[in-house]
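Working notes for the structure below.
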Amino acid sequence: MPNITLPDGSQRQFDHPVTVMQVARDIGSGLAGAALAGKVDNRMVDTSYLITEDAELSIITAKNAEALELIRHDAAHVMAQAVQELYPGTQVTIGPAIENGFYYDFAREQPFTPDDLQKIEARMNEIVGRNLPIEREEWSRDQAIGTFQKIGEEYKVQIIKAIPAGETISIYRQGDWFDVCRGPHLPSTGKLPKAYKLMKIAGAYWRGDSNNEMLQRIYGTAWADKKQLKQHLHQMEEAEKRDHRRIGRQQNLFHMQEEAPGMVFWHDKGWTIYKTIENYMRQKLHTHGYKEINTPQIIDYSLWEKSGHASKFGDDMFAVKSEDRNFAIKPMNCPCHIQVFNQGLKSYRDLPLRLAEFGSCHRNELSGALHGLMRVRGFTQDDAHIFCTEQQIQPEVSRFIDFLHEVYLDFGFEEIIYRLSTRPEQRVGSDADWDRAEKALADALDHHGLPWEELSGEGAFYGPKIEFSMKDCIGRVWQCGTMQVDFSMPGRLDAHYIDENSEKQVPVMLHRAILGSFERFIGILIEHYAGSLPVWLSPVQVTVINITSKHEEYARQVQAMLVERGIRAEADLRNEKIGLKIRELSMQRIPFQLIAGDREMEQKTVSVRTRNGTDMGSMPIEVFIERLVQEVDSHGRTKIEEQIQ
């Protein structure tokens, strides 16, 4: 007689085992019609799942956030069925739901084409229209291997053989088509909203190993309704226009080339943006009580073994050998900062100690994962570690949140998402330590009155963490900032301080970052602003343009006055028409163009135009400089246009 507890606290009792769908029908036909899956004791299951004992149950409909992954997984299965119906002999391999969509990898001799995507999508619509029941079956290992071998699905045979002995082998069938899958899935193909679109074709190695055969991957996106799909496609269109790689070429900011995969060649303008951000962060670090340090890039491998990084991240580390010693190029800065902390005896009076570094790091990312500035092998972290007592965790985290808010606002990001990741199953430290650390992070968020979401079980093995994500102007979310509590590494690397009772204690280590990596953050900025960076970040802030050659000397004088006040100014003295110069400079997203002609030279003024085409009229050069300096110093909060009004 299972007793079912619903999300509102109400209970329903049955005198026999019931499926999720039967409970939904008992509640009401409307809910039964909308039911896509169930959540039994916090585990997602099919609507056909049989509940045999007391349980907590939520009925999942398209309105629930959890439904999206389910929809995307089913879209992958429907796509695979469509492909095999259209192109017999094609083998299916792996097809998961991913962020914003899904993909499936296929083994097929003939390449797919964009025209094929249209045909596959049309067949998907047919399969959805058939409203085929989706049914779960459990097979023995021999039955599963034999069945898939018989139909020539050799990749599926490999997948089944890799399933640990004793684990259930579940098969999901929709009509005549079936696949091995853990599930759960929708009740029928007709429940899949026709809010999907196939996006692109790519190559992918079997199991991600470049030594294996190349497969064909079809990517798609899927949403709960057509409105969400339309919004996503619009966002994708906007993102393509804002692609930092394209803008980087147009504005001559950086490039990347095959001789240094995943490494950035910064050009002078791009490097100016980089150094502007670095100098800004350095000043902020000083204001907030950090000590800037610098540590080596190549370090004996034994340190990485002792810190635990070698066992967990060894495949991502670049190795170097010299004089029979093994070294690694550092993938992160943490162990090095502990080496600095360990120099000289520390007292509790020295804590908290905040050590910061613009640390150059390298990670051996897979070549297929590299993506412009967003995913690189060589990068610089705005990294810092705070060594403190347990009692200092909450105030230090609160202080850091204030710091992070200052920085994000200066860069123009006002909407921030906060997530607290709590203890995973595999972890170090006592439950009491975790209780205190998680409470300290939660208290810091609550102290600021911030809304936050708990990510249960997603903390690092050494401690909980807060993730700070920014939302850009087209709604994309970028996780950049983090604050992590570490109970493990300081002790592993022999860090200690002397407490007020003259006894040795291991400090707590707070790992924190605001920007993440400089490279990725600059990529985000370029896309957020579509290349039109705020004046204080623009590599060239002003260009002075002469109308004819007789105005050349005056234009040079104006440029010199700007440069003397610390403004990044250039002069365009080419023998070209003024209209052509203005158009080209506008395309380069240079914030201000100062035009020097007869009247301006006579009156010691400049005519001011903005990159968006606004004519701000004529003004004395000293007035323009003062207003521009004020805009730069205020990080755009006081704009020249507003000062004029």
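Filter the stretch 63-106 down to the residues that are assigned to a loop (DSSP other than H, G, I, E, B) and farther than 17 Å from P184 by Cα and list them by number.
Within the stretch 63-106, K63, Y87, P88, G89, T90, T93, E99, N100 meet the criteria.
Check V407, V428 and return the single one that is among the aliphatic types (A, V, I, L, M) and either modelled with pLDDT of 95 or more or in contact with a His (Cβ under 6 Å, 6 or more places away or on another chain) (or both).
Result: V407 is the single residue among V407, V428 that is among the aliphatic types (A, V, I, L, M) and either modelled with pLDDT of 95 or more or in contact with a His (Cβ under 6 Å, 6 or more places away or on another chain) (or both).
Going through the stretch 15-39 one residue at a time, which ones are β-branched (V, I, T) and either in contact with a helix residue (DSSP H, G or I) (Cβ under 7 Å, 6 or more places away or on another chain) or buried (at least 19 other Cβ atoms within 10 Å of the Cβ) (or both)?
Taking the stretch 15-39 first, the residues β-branched (V, I, T) are 18-20, 23, 27.
V18, V20, V23, listed by residue number.
How about the stretch 335-390: which of its residues are out of contact with any Phe, Trp or Tyr (no Cβ under 9 Å at 6 or more places or on another chain), farther than 16 Å from N294 by Cβ and among the polar types (S, T, N, Q)?
N342, S367 - these are the residues of the stretch 335-390 that are out of contact with any Phe, Trp or Tyr (no Cβ under 9 Å at 6 or more places or on another chain), farther than 16 Å from N294 by Cβ and among the polar types (S, T, N, Q).
Mind checking which helices (runs of 4 or more DSSP H) fall wholly inside the stretch 195-304 and carry at least 3 residues that are β-branched (V, I, T) and touching a residue at least 12 places away in the same chain (Cβ under 8 Å)? Outline the logic, then answer.
Working: elements: 226-241, 244-250, 268-287.
Per the criteria, 268-287.
Whether any residue in the stretch 507-517 is touching a Pro at 6+ places or on another chain (Cβ under 8 Å) and more than 28 Å from S307 (Cα to Cα) is what I want to check.
For the stretch 507-517, residues touching a Pro at 6+ places or on another chain (Cβ under 8 Å) and more than 28 Å from S307 (Cα to Cα): absent.
Does R556 fit the bill of being closer than 30 Å to G412 by Cβ and among the basic types (K, R)?
In short, no.
For L86, which of the numbered conditions (1) in contact with a helix residue (DSSP H, G or I) (Cβ under 7 Å, 6 or more places away or on another chain); (2) buried (at least 17 other Cβ atoms within 10 Å of the Cβ); (3) at pLDDT 95 or above fails to hold?
(2) is the only condition that L86 fails.
Which number in (1) assigned by TED's automatic domain parsing to the domain that holds E137; (2) closer than 20 Å to Q228 by Cα marks the one condition that L36 misses?
(1)
Is it the case that the stretch 29-42 has a residue that's closer than 29 Å to Q149 by Cβ and modelled with pLDDT of 90 or more?
Step one: list which residues in the stretch 29-42 are closer than 29 Å to Q149 by Cβ, which gives none.
Looking for residues that are closer than 29 Å to Q149 by Cβ and modelled with pLDDT of 90 or more, one finds none in the stretch 29-42, hence no.
Out of the residues in the stretch 75-125 that are polar (S, T, N, Q) and in contact with a strand residue (DSSP E or B) (Cβ under 6 Å, 6 or more places away or on another chain), which is farthest from F178 (Cα to Cα)?
N100
Just for the stretch 554-587: of the residues that are among the β-branched types (V, I, T), under 22 Å from L253 (Cβ atoms) and free of Cβ contacts under 8 Å to residues at least 60 places away in the same chain, which one is surrounded by the fewest Cβ atoms within 10 Å (Cβ to Cβ)?
We begin by selecting, within the stretch 554-587, every residue among the β-branched types (V, I, T); these are 558, 563, 567, 578, 582.
With under 22 Å from L253 (Cβ atoms) added as a condition, the list becomes 563, 567, 582.
Right, trim to free of Cβ contacts under 8 Å to residues at least 60 places away in the same chain and you get 563, 582.
Values: V563: 14, I582: 18.
The residue in question is V563.
Considering each residue of the stretch 427-444, count those that are among the hydrophobic types (A, V, I, L, M, F, W, C), surrounded by fewer than 19 Cβ atoms within 10 Å (Cβ to Cβ) and within 21 Å of I514 (Cβ to Cβ), and give that number. Give the derivation first.
Keep residues of the stretch 427-444 that are among the hydrophobic types (A, V, I, L, M, F, W, C), which gives 428, 432, 434, 437, 440-442, 444.
Subsequent filtering for residues that are surrounded by fewer than 19 Cβ atoms within 10 Å (Cβ to Cβ) retains 428, 432, 442.
With the extra rule that they be within 21 Å of I514 (Cβ to Cβ), the set shrinks to 442.
Result for the stretch 427-444: 1.
Has the stretch 504-522 got any residue that is assigned to a helix (DSSP H, G or I), closer than 29 Å to R377 by Cα and in contact with an Asp or Glu (Cβ under 9 Å, 6 or more places away or on another chain)?
Within the stretch 504-522 (the criterion being assigned to a helix (DSSP H, G or I), closer than 29 Å to R377 by Cα and in contact with an Asp or Glu (Cβ under 9 Å, 6 or more places away or on another chain)), the answer is yes, since at least one residue qualifies.
Return the residues of the stretch 508-534 that are basic (K, R) and either over 20 Å from L285 (Cβ atoms) or buried (at least 23 other Cβ atoms within 10 Å of the Cβ) (or both); say none if nothing qualifies.
Matches in the stretch 508-534: R512 only.
The values are calculated or read from the model by the stated rules, or taken from the named source; none is laboratory data. Note that the structure is a prediction, hence the values are computed from the model and not measured. Positions of Cβ are generated from backbone atoms using ideal geometry, with glycine treated the same way; all protein chains shown enter the neighbour counts.
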